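Undergrad: Got a structure for you, questions after.
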Amino acid sequence: MGDDGVQFPRAADGARPSLRVNQEIWADAAAAVDASLASRIRENTSWRSDYVAPVRELTELGGRSADTAQRIAAAGLTAARSRLALAEDGEDRPLTTALTAEPGELGTRTLSGEGELVARLEVPYLGDRLHGDALRRRLAVWVAHGVLEPSAAAALGRVIDHPEWLRLEGRRVVVLGAGAQTSPLEVLASWGAEVVAVDLPVAEVQDRIARAAAAGAGTVHVPVAEGRSGANLIEDVPTLSGWLSGFADRPLVLGFYIYADGPLHVQATVAADLLATRLTDGGAEVTTAFAGTPSDCYLVPIDVVEDSNARRRLRPRRAFELAVRGASAGRLYRPAYRDRLVESDDGTPMGVADALVGQQGPNYALAKRLQRWGTIDRWAGGQPASFNVAPPTWTTSVTKNRLLAAGYYGAHFAGLEVFPPETMQAVMSALLVHDLHQAVDTSHPELAISADGVHGGYWRVPHDIKSTLLYTAALGLPRAVTTSLRAR
């Protein structure tokens with residue numbers, strides 16, 4: 001990764017530290033609704049370890065009203081756009097430069113699918129390809145186990161009923177991060193959709209894209225520069241926007257599926273925001289699409305809280321768990337919704353589903369929140385956007401870390417289900433299709449963000465996720481250290 005494109009600003013020593021800028025962006029977002037919280041964030045001297053509680057507090061503030069949530073989102077986005085820079089020829093310029101800069105040249109390579117069209121919703125699951133009534137039964141089981149929201153099952157049911165939706169006739173789907181394990185490219189291509197696949201000009205990544213395109217039944221376009229397929233979103237927003245504008249004679253779906261470590265995740269997210277803005281300003285009809293992580297902090301409807309409490313009361317080992325909770329001074333087996341509810345200005349109660357884990361780091365939290373803020377901001381401006389929470393998934397980025405893998409191997413002891421990548425891809429692609437055909441209720445943006453969540457159980461488990469991490473990791477550790485770790 002070079003030093004050009006969307007970057008954190010350069011410090012006096014030439015480095016590009018991210019932590020202080022990260023902290024200031026959160027503070028600017030909070031300042032829109034609560035000066036005290038903003039001050040506490042700015043004055044914090046251990047932000048890397050202390051960010052979780054203020055992020056939760058800011059999430060709770062967003063529950064007050066649609067206006068409050070929108071003000072937080074707009075302020076956070078403005079802060080990111082003003083505090084990051086566009087580096088070019090050794091000089092840092094304002095990011096707004098990217099909105100007017102002349103694009104470079106990119107060619108196009110078009111790949112045609114050779115596979116059989118999949119004309120109905122099929123979800124691969126544990127060796128089967130579920131469809132029709134078998135898929136509906138699996139959805140019912142997931143709802144009963146608290147793995148996904150009933151609204152998500154209803155949305156997927158509507159896609160089952162409308163297989164004609166799957167081809168996304170009249171639209172083109174731009175997949176940023178098309179070679180990622182979480183990418184919907186393979187599923188969309190199997191449905192015969194027209195996809196524009198953007199990812200780094202790395203041979204292994206581009207080979208995955210080519211294989212997915214060939215196995216599908218649709219058309220996949222990839223950018224080409226100097227004989228190599230691929231493009232770098234962070235480094236060249238103007239060139240990518242110029243190239244993508246050539247596909248804008250039809251409505252574009254701009255889906256973001258990039259994962260990167262640390263600051264790069266924030267940079268890529270901000271670059272995607274710039275790309276959407278530039279395309280929209282140029283007259284393109286754009287729907288943005290993001291997949292949220294369950295390991296974040298969300299506001300959820302009161303029925304989720306009540307279900308979690310009921311599951312805890314009905315636990316067969318409740319007496320033992322209460323004893324352990326007391327012996328651990330409340331560190332283990334805490335109720336999932338132990339704190340007060342959040343109440344909106346119109347009296348709507350909400351729970352705080354808090355699975356934000358400090359070890360993920362403040363840049364991961366900021367990147368995922370920028371995606372939420374961007375979605376809320378587009379809704380406030382009357383623009384279409386899709387946001388759905390995706391389940392925990394057995395990806396390479398998970399399994400390469402033995403401690404994280406241990407937590408995933410032990411997750412079922414806490415009532416969670418970790419999805420195979422192919423299952424997650426099919427489910428989340430279908431929810432995107434649903435959002436493109438059905439209006440999203442955005443009357444309260446924070447509840448719209450958590451609607452139709454496929455969280456793997458994070459929101460409905462009886463105990464606080466963070467109070468179960470120790471024992472789930474301990475129970476999963478034997479498999480993590482004895483199993484050859486790879487994406488399953």
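Undergrad: State yes or no: is Q438 closer than 27 Å to V195 by Cα, among the polar types (S, T, N, Q) and over 17 Å from the mean Cα position of the chain (by Cα)?
TA: yes
Undergrad: What are the residues in segment 41-76 that are among the charged types (D, E, K, R) and touching a residue at least 60 places away in the same chain (Cβ under 8 Å), if any?
TA: R48, R56, E60, R64
Results for (1) farther than 23 Å from E105 by Cβ; (2) acidic (D, E), shown as yes or no for each residue.
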{"site": "E186", "(1), (2)": "yes, yes"}
{"site": "S190", "(1), (2)": "yes, no"}
{"site": "V195", "(1), (2)": "no, no"}
{"site": "A203", "(1), (2)": "no, no"}
{"site": "R211", "(1), (2)": "yes, no"}
{"site": "G218", "(1), (2)": "yes, no"}
{"site": "R250", "(1), (2)": "no, no"}
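Undergrad: Additional query: Can you pull out the residues in segment 201-223 that are farther than 20 Å from G246 by Cα and among the hydrophobic types (A, V, I, L, M, F, W, C)?
TA: V202, A203, V205, I209, A210, A212, A213, A214, A215, A217
Undergrad: Do any residues in segment 202-223 that are touching a residue at least 24 places away in the same chain (Cβ under 8 Å) and surrounded by 14 or more Cβ atoms within 10 Å (Cβ to Cβ) have Cβ atoms under 6 Å from those of residues that are in a helix (DSSP H, G or I) and acidic (D, E), where the two are at least six apart or on different chains, and which pairs are they?
TA: Note: pairs meeting the criteria are A212/E186.
Undergrad: Step by step: first the residues of segment 444-464, then only those that are over 17 Å from L148 (Cβ atoms) and modelled with pLDDT of 95 or more, then the one that is surrounded by the fewest Cβ atoms within 10 Å (Cβ to Cβ). Which residue is that?
TA: Once the filter is applied, the top-ranked residue is H444.
Undergrad: For segment 1-40, enumerate the residues that are in contact (Cβ under 8 Å) with a residue 60 or more places away in the chain, aliphatic (A, V, I, L, M) and assigned to a helix (DSSP H, G or I).
TA: Residues satisfying the conditions are L19, V21, I25, A29.
Undergrad: Answer with yes or no whether R167 is within 21 Å of E114 (Cβ to Cβ), basic (K, R) and more than 24 Å from the chain's Cα centre (by Cα).
TA: no
Undergrad: While we're on this one: Within segment 59-85, how many residues are among the hydrophobic types (A, V, I, L, M, F, W, C) and farther than 17 Å from V266 by Cβ?
TA: So the count comes out to 5.
Undergrad: Taking segment 335-357 as the search range and keeping residues that are surrounded by 15 or more Cβ atoms within 10 Å (Cβ to Cβ) and among the small types (G, A, S), which one is nearest to S46 (Cα to Cα)?
TA: Result: A355.
Undergrad: Test S245 against the stated conditions and say whether it is surrounded by fewer than 18 Cβ atoms within 10 Å (Cβ to Cβ), in contact with a helix residue (DSSP H, G or I) (Cβ under 8 Å, 6 or more places away or on another chain), in contact (Cβ under 8 Å) with a residue 24 or more places away in the chain and not in a strand (DSSP E or B).
TA: Against the criterion (surrounded by fewer than 18 Cβ atoms within 10 Å (Cβ to Cβ), in contact with a helix residue (DSSP H, G or I) (Cβ under 8 Å, 6 or more places away or on another chain), in contact (Cβ under 8 Å) with a residue 24 or more places away in the chain and not in a strand (DSSP E or B)), S245 qualifies.
Undergrad: So, one more: Would a scan of segment 247-260 turn up a residue that is at positive phi and out of contact with any Leu (no Cβ under 9 Å at 6 or more places or on another chain)?
TA: The answer is no; no qualifying residue exists.
Undergrad: Which residue is surrounded by the fewest Cβ atoms within 10 Å (Cβ to Cβ), if the candidates are limited to segment 180-194 and must be in a loop (DSSP other than H, G, I, E, B) and out of contact with any Pro (no Cβ under 6 Å at 6 or more places or on another chain)?
TA: T182
Undergrad: Six or more apart or on different chains, Cβ atoms under 8 Å: show the pairs whose first residue is in segment 272-286 and farther than 11 Å from L254 by Cβ and whose second is modelled with pLDDT of 95 or more and part of a loop (DSSP other than H, G, I, E, B).
TA: Taking only residues 6 or more apart or on different chains, the pairs are G282/A248; G283/A248.
Undergrad: Somewhere in segment 189-198, is a residue closer than 12 Å to G216 by Cβ, among the small types (G, A, S) and free of Cβ contacts under 8 Å to residues at least 40 places away in the same chain?
TA: Yes, segment 189-198 contains at least one residue that is closer than 12 Å to G216 by Cβ, among the small types (G, A, S) and free of Cβ contacts under 8 Å to residues at least 40 places away in the same chain.
Undergrad: Could you pull out every one of the helices (runs of 4 or more DSSP H) wholly within segment 382-456 that has 2 or more residues that are farther than 16 Å from T182 by Cβ?
TA: 402-409, 421-437, 445-450
Undergrad: For segment 46-90, which helices (runs of 4 or more DSSP H) that fit wholly inside it have 3 or more residues that are among the hydroxyl-bearing types (S, T, Y) and surrounded by fewer than 21 Cβ atoms within 10 Å (Cβ to Cβ)?
TA: 66-83
Undergrad: Considering only segment 260-375, give the helices (runs of 4 or more DSSP H) lying wholly within it that have at least 3 residues that are modelled with pLDDT of 95 or more.
TA: Counting at least 3 such residues, we get 263-281, 302-313.
The values are calculated or read from the model by the stated rules, or taken from the named source; none is laboratory data. On a predicted model such as this, the values are computed, not experimentally measured, just so you know. Glycine gets a Cβ as well: all are built from the backbone with ideal geometry, and neighbour counts include every protein chain shown.
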